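Notes follow once the structure below has been shown.
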Amino acid sequence: MSEQKMYVSREGLERFKQELDELVNVKRKEIIERIERAKELGDLSENAEYAAAKDEQAFTEGRIIELQDMIARAEIINGSGKVDLVRVGSKVKVKTDGTETEYEIVGVAEADPLTGKISNESPLGRSFLGRKIGDKIQIQIPKGMVTYTILEIR
């Protein structure tokens, strides 16, 4: 487990807490019941239902540990305050190759590039941090060099 802070929105932290609650108070009990039913079927060495339930139990317990760690390290992204520099929680409108795109800089756990949420630890997210309106950022991608111009920060 890492000591490093994990940036997360208030909504994201709430989702993690809800998922943890569901896993601990519902899913865990369901899996235990499945294991008990599978044990009643006899020989465990050739019992596919038992093996599947144990695999699901291992996955669930791993996810519980992961969520507990994420919640313990969570640092809420504060969306208010100065918006003259890009920081975690900023929404950034950029222009590249004549096209305008908006990105939201989020923590790793909430990143979803397909919806414009990019991680503060990604190459693009890192390059935006600390920049201001009008700054030009060049990023090397497989196709070549791309230049982003920051148009707006919210």
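What dipole magnitude, in Debye to the nearest 20, does segment 6-76 give about its Cα centre under +1 on Lys/Arg Cβ and -1 on Asp/Glu Cβ?
Working: 12 positive and 18 negative charges, 46 e Å.
Approximately 220 debye in magnitude.
Considering only 137, 115, 103, and ranking their Cα positions along the charge dipole of segment 91-153 that arises from unit charges at the beta-carbon of Lys, Arg, Asp and Glu, the one farthest toward the positive end is 137.
About the Cα centre of the chain, how large is the charge dipole given +1 on each Lys and Arg Cβ and -1 on each Asp and Glu Cβ? Please answer in debye to the nearest 20. Walk me through the numbers on the way to the answer.
Numbers: 25 positive and 29 negative charges, 213 e Å.
For this selection, approximately 1020 debye.
Output the pairs from 5/29; 91/136; 5/91 with a Cα-Cα distance over 28 Å in this structure; if there are none, say none.
Working: 5/29 31 Å; 91/136 16 Å; 5/91 21 Å.
Among 5/29; 91/136; 5/91, the Cα-Cα distance tops 28 Å for 5/29.
We did not get these values from a lab; they are worked out from the coordinates using the rules stated. All figures in this text were calculated on a predicted structure; none of them were measured in a lab. We place every Cβ from the backbone using ideal geometry, glycine too, and count neighbours over all the protein chains shown.
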